[in-house]
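Let me begin by presenting the structure, written as structure tokens, before commenting on it.
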Amino acid sequence: MSSIPKTQKAYILTQGVEKLSLEDRPVPELKPGEVLLRVRASGLCHSDLHILDGSISLSSLCSLPASPILGHEIAGEIVAHGPNVDPDLFPTNQLYSVFGPNPCGLCSECRYGRDNLCLSPTRLIHGLGHPGGFEQYTAVNIRNLVKVPEGISPEVAAVTSDAVLTPYHALKKVYLTGLSRVLIIGLGGIGINAVQIAKAFGAHVTAFDLKESSRELARKFSADVVLDSLTVKEASHDYDVVVDVVGIQSSFEIALKQVKTYGSIVLIGLGSPVLNFFTTPLCLKETHILGTFWGTSQEQIEVFDLVKKGKIKPQVEVGKFEDLNEFFQKLKHGQIKSRVVITQTD
Ligand code: FEH
Ligand code: ZN
């Protein structure tokens, strides 16, 4: 194991500034129960982009740290064990992913097993209050470590902790069967995994995106029907479940139109802070609208099992740590087909 430096490079967020600033920062000191991870891969999420462009305020999610470090899809290796951590239980020759929600484990939501929804007013999400993966070394409490099965790369491990976990959790909420008809709206880094997960659950899957390259990927991953902006207008209006991975007014209107009576719309995308709908048709159809947030720590273990078994093949585009800001620009301008992951080697 190489020696740990006193300082490291970290990307710092300044409120109102779209570019992250690469600065020298101290390597974190470990508290009891923590390990130090050498970050190997960090995914770029659309919610990071919303924070950078100001449409989501980080201060609405947490009390703002002095030097916020984003990056909530993290995979890395342990390079140091803090007080009270048994190194035999958390070996160094092992890849770990981080359970980002960083729950307290004590509140009622945690006790019900919904630890993604932890109620603790002091919990800080990794990369959204707690320092995240856009640094070289990051401190993680051992309860947030999820061992990555052998054969899964750091970049795939990073995206599995959010871009796979989020649609998995969302689709588990609606109890799909082999008879379920599902429409997935938006086939980017999360949506293409939603297609694969719904197929793995045995559902009939229709996939919709404005981009031909994304529709191509959905065909590759065995979507039963693939719709474009014209054909979506003639779609069957009989979906048990519509997953809106975009979350803007136009995508939500498609979801409202296409969901069958008594069906469910699951909202994953946060593309718009406000969505409008007509109340009468919603009530006459008894439409369920479900919010969804990330996934539970148990589900994070489950998604790794599915990836290991090859039932889900997360799509990634790999970039270098030094090029993080350029990749955010590409993401902003729709130039990314799947999920960007920045990797770090020694
Ligand atoms: C982050 C912040 C707020 C809402 C949703 C998110 C997700 O990107 C977490 O994966
Ligand atoms: Zn995310």
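Quick one: putting +1 on the C-beta of Lys and Arg, -1 on the C-beta of Asp and Glu, what dipole do you get for segment 1-148 around its Cα centre, in Debye to the nearest 20?
Working: 12 positive and 14 negative charges, 32 e Å.
The calculation lands at about 160 debye.
Take the Cα atoms of segment 88-180, build their convex hull, and give its volume per residue in Å³.
It is 145 Å³ per residue.
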Estimated distance in nm for a label pair at Tyr175 and Leu124, the labels positioned 7 Å out from Cα along Cα-to-Cβ: 4.0 nm
Simple label model, 7 Å out from Cα along Cβ direction - Lys308 to Asp53, nm: 3.8 nm
Net charge contributed by nearby residues that have their C-beta within less than 15 Å of Cys107 (K/R +1, D/E -1): +2
Choice from His204, His72, His130 with maximal GNM fluctuation in the chain (Cα, 10 Å cutoff): His204
Highest-MSF residue in the chain out of Gly269, Gly202, Gly76 [GNM, Cα springs under 10 Å]: Gly202
Positive-pole candidate from Ile125, Ser21, Gly295, dipole of the chain, charges at beta carbon: Gly295
Under-5 Å amide H pairs with Ala41, H placed in peptide plane, nonlocal only: Ala75, Gln344
Extended-chain gain in nm, criterion 0.36 nm per residue less alpha-carbon gap, Glu18 and Gln249: 80.7 nm
Extension gain, Lys332 back to Ser229 (0.36 nm per residue minus Cα-Cα distance, nm): 34.9 nm
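Return the FRET efficiency for the residue pair Lys211, Asn93: r is the Cβ-Cβ distance, R0 is 51 Å, and the value is rounded to the nearest 0.05.
Numbers: r = 41 Å, r/R0 = 0.80.
That gives a FRET efficiency of 0.80.
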Amide hydrogen neighbours beyond the local backbone of His126, cut-off 5 Å, H modeled: Asn102
Order of Asp224, Asp48, Asp86 - criterion: other Cβ atoms within 10 Å of each residue's Cβ, fewest first: Asp86, Asp224, Asp48
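Excluding Gln94 itself, calculate the net charge of residues whose Cβ lies under 15 Å from the Cβ of Gln94, where each Lys or Arg counts +1 and each Asp or Glu counts -1.
Here the charged neighbours net out to 0.
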Cα-based shape type of segment 221-284, given that a ≥ b ≥ c are square roots of the gyration tensor eigenvalues and the cut on a/c is 1.5: oblate
Shape call, segment 33-137: gyration tensor on alpha carbons, a/c limit 1.5: oblate
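For a protection proxy built on the mean count of beta-carbon atoms within 10 angstrom, sort 6-12, 328-334, 282-288 highest first, please.
Going by the mean number of other Cβ atoms within 10 Å, highest first, we get 6-12, 328-334, 282-288.
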FRET efficiency estimate (nearest 0.05) - Cβ-Cβ, Ile301 to Leu64, R0 25 angstrom: 0.20
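Could you tell me whether the chain comes out rounded, prolate or oblate from its Cα gyration tensor? Rule is a ≥ b ≥ c as square roots of the eigenvalues, rounded for a/c under 1.5, then prolate if a/b exceeds b/c, otherwise oblate. Write out the running numbers ahead of the final one.
Details: a/c = 1.76, a/b = 1.68, b/c = 1.04.
Prolate shape, in that a/c is at least 1.5 and a/b is the bigger ratio.
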Residue among Gly189, Val174, Ile254 farthest towards the positive dipole end of segment 159-300, charges placed on Cβ: Val174
Residue-wise HN-Hα coupling along segment 211-225, computed from phi with Karplus coefficients 6.51, -1.76, 1.60 (Hz; x: Gly, Pro): 8, 5, 4, 6, 5, 4, 5, 5, 5, 4, 9, 6, 4, 6, 9
Whole-Hz ³J(HN,Hα) from phi, Karplus 6.51 cos²θ - 1.76 cosθ + 1.60, for segment 118-132, glycine and proline x: 2, 8, 4, x, 9, 5, 10, 5, 4, x, 9, x, 6, x, x
Above-threshold pairs, the threshold being 29 Å between Cα atoms, out of Lys172/Lys257; Lys6/Lys332; Lys147/Lys199; Lys31/Lys332: Lys6/Lys332; Lys31/Lys332
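Please tell me which of these pairs span more than 20 angstrom C-alpha to C-alpha: Lys233/Lys313; Lys220/Lys313; Lys220/Lys260; Lys233/Lys260; Lys173/Lys211? Kindly include the intermediate steps, with their values, before the conclusion.
On the way: Lys233/Lys313 30 Å; Lys220/Lys313 11 Å; Lys220/Lys260 27 Å; Lys233/Lys260 15 Å; Lys173/Lys211 28 Å.
Correct reply: Lys233/Lys313; Lys220/Lys260; Lys173/Lys211.
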Rounded to 10°, Cα long-axis angle of helix 191-200 versus longest principal axis of the chain: 70 degrees
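With runs of 4+ DSSP H residues as the only contributors, calculate the mean residue ellipticity of the chain at 222 nm using -39,500 (n - 2.57) per run, divided by the residue total and rounded to the nearest 500.
-6500 deg cm²/dmol
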Charge context of Asn116, other residues only, Cβ under 10 angstrom, K/R +1, D/E -1: -2
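Calculated FRET efficiency, Lys9 and Phe293, Cβ-Cβ r, R0 30 Å, to nearest 0.05?
Details: r = 30 Å, r/R0 = 1.01.
It comes to 0.50.
Bear in mind these aren't lab numbers, they're just calculated from the coordinates by the rules spelled out. Not measured: the values here are computed from a predicted model. Neighbour counts are summed over all protein chains in view; Cβ atoms, including those assigned to glycine, are modelled from backbone coordinates with ideal geometry.
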